[in-house]
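Chemist: I have a structure I would like to understand better, so I am pasting it below and will then ask my questions one at a time.
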Amino acid sequence: MTTSPEIAAIVDAIRVRQRFVLSSHARPDGDSIGSQLAMAYALKALGKEAVVINADPAPPPLLAFPGVPEIRIAAEATGPYDAAIIMECGNLARTGVGGLERYFVINIDHHPGNTNFGQINWFDASASACGELVYDVVGALGVPLSIDIATHVYLAILTDTGSFHYSNITPRTFAIAGACIAAGVDPVAVARNVYDSNNMGRLKLFGAVLSAMQIDQTGRIAIVYLDHEMAREAGGTYEDTEGLINLPLTVKEIEAVVFFKQIEGEQYRVSMRSKGDIDVGGVAKTFGGGGHKNAAGCTVSGAIDALQKLFIAKIEDAIDGRPADR
Ligand code: 5GP
Ligand code: MN
């Protein structure tokens, strides 16, 4: 198990406090849900109060996991908490939950560029998932790895590694996943819940979006697009697009994907994915967003044709090793 001054500080801060609010980023994914709930179960095992507050609900495939129905959805944290534990967020605004800055903030994250916004900050970009860091905290707290904690740590790792697919995987990733299985987690059941419990609207929406996919002139970048009208016609929702962005990367020649999702009018959520050394995190950063080398996002406004050209040019730069901010 990893021990560090940061973990020791987190353990000390938790021991002397009783009431905790936990939060993570808006539009939570498997790592944010898994990290928060693993931590919440560990705090409860110590006899502490732990409330998870998120700006948005968990995506439908995650609703079956223990503790997810108790997550509170709110724009503001107002309770009398002794500390806020924030996981998976580069800055406090990423939570979409107001009022957290009023508490003693413990910041646990693995995203490059974390702004050290807490009173205690533990940031480790070498972790494949924030869930790896939570696993270390749970161990350092002396809390046994219950099946509920292990399930959420495993969920975090499974989803943030893209089913053990991405470049940030280390021997520790498998050691922790192995400990979770030894604690009783059923990897088949978890995978079925996460990947094989979708609705028909989602499949139709995937079909519609992939039919309209474009490829850049070099043949290396896939451009996918979704607006509200396409979603309505297919009978799916924006939440149903979770995971869609990874599909173009299954084509050998495709090295990066950019996905534009209309928010309203000419405002778009942009998600990017890449293979190997291609740094789409740097591209997202030039548009005020962020993320990891192989998975990043931002929000932009403008005419869609011009935006697509701009992103393709930046991603081509990234593929060819030119800096994103040139
Ligand atoms: P997604 O494409 O799934 O929304 O995000 C991929 C990754 O990029 C996630 O790790 C997420 O935390 C990060 N990310 C996405 N959008 C933003 C953003 O607007 N700002 C920052 N800082 N990171 C983002
Ligand atoms: Mn993560």
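The values are calculated or read from the model by the stated rules, or taken from the named source; none is laboratory data. This one's a predicted model, so the numbers in the text were calculated from it and none came from an experiment. Quick reminder, even Gly has a Cβ in these numbers, built from the backbone with ideal geometry, and neighbours come from all protein chains shown. Heavy atoms of the whole protein, side chains included, go into the accessibility calculation; ligands, DNA and RNA do not. Shrake-Rupley method; radii C 1.70, N 1.55, O 1.52, S 1.80 Å.
Chemist: If Rh is defined by the Kirkwood formula over all Cα pairs and Rg also comes from Cα, what ratio Rg/Rh do you get for region 165-268?
Modeler: Here Rg/Rh amounts to 1.07.
Chemist: Do any GluC sites (Glu not before Pro) in region 186-257 lie in a DSSP loop with no more than 14 other beta carbon atoms within 10 Å, and if so, which?
Modeler: E253
Chemist: Also, I was wondering about something else. What angle do you read, to the nearest 10 degrees and between 0 and 90, between the alpha-carbon axis of helix 147-160 and the longest principal axis of the chain?
Modeler: Its long axis makes an angle of about 30 degrees.
Chemist: Return the aspartates and glutamates within reach of K261: Cα separation strictly under 14 angstrom, same-chain partners fewer than 8 residues apart disregarded; answer none if there are no such residues.
Modeler: Output for K261: D227, E229, E239, D240, E242, D305.
Chemist: Please list, by residue number, every one of the trypsin sites (Lys or Arg not before Pro) in region 206-289 that is coil in DSSP and has at most 12 other beta-carbon atoms within 10 Å.
Modeler: When the trypsin sites (Lys or Arg not before Pro) of region 206-289 are filtered for loop state and at most 12 Cβ neighbours within 10 Å, K252 remain.
Chemist: Considering all projection directions equally, how large on average is the shadow of the alpha-carbon convex hull of the chain, in square nanometres?
Modeler: For the chain, the mean projected area of the Cα convex hull comes to 16.1 nm².
Chemist: Apply the Debye scattering formula to region 232-314, with a single equal point scatterer on each alpha-carbon and no solvent, then give log10 I(q)/I(0) at q = 0.17, 0.18, 0.20 Å⁻¹.
Modeler: One equal scatterer on each Cα of region 232-314 leads to -0.70, -0.78, -0.95.
Chemist: Can you tell me the Rg and Dmax of region 1-98, counting just the alpha carbons, in angstroms?
Modeler: 13.1, 38
Chemist: Right, something else. Only bridges whose two residues both fall in the chain count here: according to DSSP, what percent of them are antiparallel, nearest 5?
Modeler: 40 percent
Chemist: Right, something else. Rounding to the nearest 10 and keeping the result within 0 to 90°, find how far the Cα-based axis of helix 5-15 lies from the longest principal axis of the chain.
Modeler: Here the helix axis deviates by roughly 60 degrees.
Chemist: Also, quick follow-up: Measure off, as a whole percent, the carbon and sulfur share of the 1.4 Å-probe accessible area of the chain, all protein chains present.
Modeler: 53 percent
Chemist: Continuing with this model, one more query. Which value, to two decimals, describes the C-alpha radius of gyration of region 104-165 once divided by 2.2 N^0.38 Å?
Modeler: Compactness ratio reported: 1.17.
Chemist: Express the accessible area of the chain per residue in Å², computed with a 1.4 Å probe while the remaining protein chains stay in the model.
Modeler: Per residue, the chain has an accessible area of 43 Å².
Chemist: If you fit an axis through the alpha-carbon atoms of helix 171-182 and take the longest principal axis of the Cα set of the chain, what angle between them do you get, 0 to 90°, nearest 10?
Modeler: Approximately 60 degrees, to the nearest ten.
Chemist: In addition: Throw me the Rg/Rh for region 43-137, computed over C-alpha atoms with Kirkwood Rh, two decimals.
Modeler: Using Cα coordinates only, the ratio equals 0.94.
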